[in-house]
Amino acid sequence: MPDAGFFQRVYNIVKRIPKGRVATYGQIARMVGQPHAARFVGYALHANPDPKTIPCHRVVFRDGSLASGFAFGGPDEQARRLKAEGIAFLPDGRVDMDSYSWED
């Protein structure tokens, strides 16, 4: 179980993901020092207190698929937000991770 400051550390990292890029749940977990806590990253993002400044729509699964439970409008809304930032999708609906992965 992550420590009490885990959610805030997740939010601080997600704020750094630039427009037109995506990160994965596992990547964020590694960056906060909890490499096995990808699921908890999802919990943190689902509880996002300020989606206007914490762009949780930029976090996807490692294969580029979108979260079916995206808290702010479902996967269609997540896809709409990503497309508005210039992110292209593969024919099967996944983000093209080779082109849009964020490397910090």
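The values are calculated or read from the model by the stated rules, or taken from the named source; none is laboratory data. Values in this document were obtained by computation on a predicted structure and should not be read as measured data. A quick note on method: Cβ atoms are made from the backbone with ideal geometry, for glycine too, and the neighbour counts reach across all protein chains shown.
Just so you know, in segment 8-42 the residues that are part of a helix (DSSP H, G or I) and of a type in the set (D, E, K, R) include one that is surrounded by the fewest Cβ atoms within 10 Å (Cβ to Cβ), and it is Arg39.
For beta carbons closer than 7 Å, sequence separation of 6+ or different chains, a first residue in segment 2-15 that is closer than 16 Å to Ile54 by Cα and a second that is exposed (fewer than 12 other Cβ atoms within 10 Å of the Cβ) and not small (Gly, Ala, Ser), the qualifying pairs are Lys15/Thr53.
Filtered by the rule that a residue be within 12 Å of the chain's Cα centre (by Cα) and over 23 Å from Ile87 (Cα atoms), segment 16-39 gives a lone residue, Arg39.
In segment 75-104, which residue that is over 13 Å from the mean Cα position of the chain (by Cα) and part of a helix (DSSP H, G or I) is modelled with the lowest pLDDT? In this case the residue turns out to be Asp76. One residue stands out among those in segment 66-104 that are of a type in the set (Ser, Thr, Tyr) and in contact with a strand residue (DSSP E or B) (Cβ under 8 Å, 6 or more places away or on another chain): the one that is surrounded by the fewest Cβ atoms within 10 Å (Cβ to Cβ), which is Ser101.
Here's a check for you: in segment 43-74, which residue that is in a loop (DSSP other than H, G, I, E, B) and closer than 16 Å to Met97 by Cβ is modelled with the lowest pLDDT? It would help to see each step written out before you state the result.
The initial filter retains those residues of segment 43-74 that are in a loop (DSSP other than H, G, I, E, B), namely 47-55, 61-73.
In the following step, the residues that additionally are closer than 16 Å to Met97 by Cβ were identified as 61-67.
On the way: Phe61: 96, Arg62: 96, Asp63: 97, Gly64: 97, Ser65: 95, Leu66: 94, Ala67: 85.
Here the answer is Ala67.
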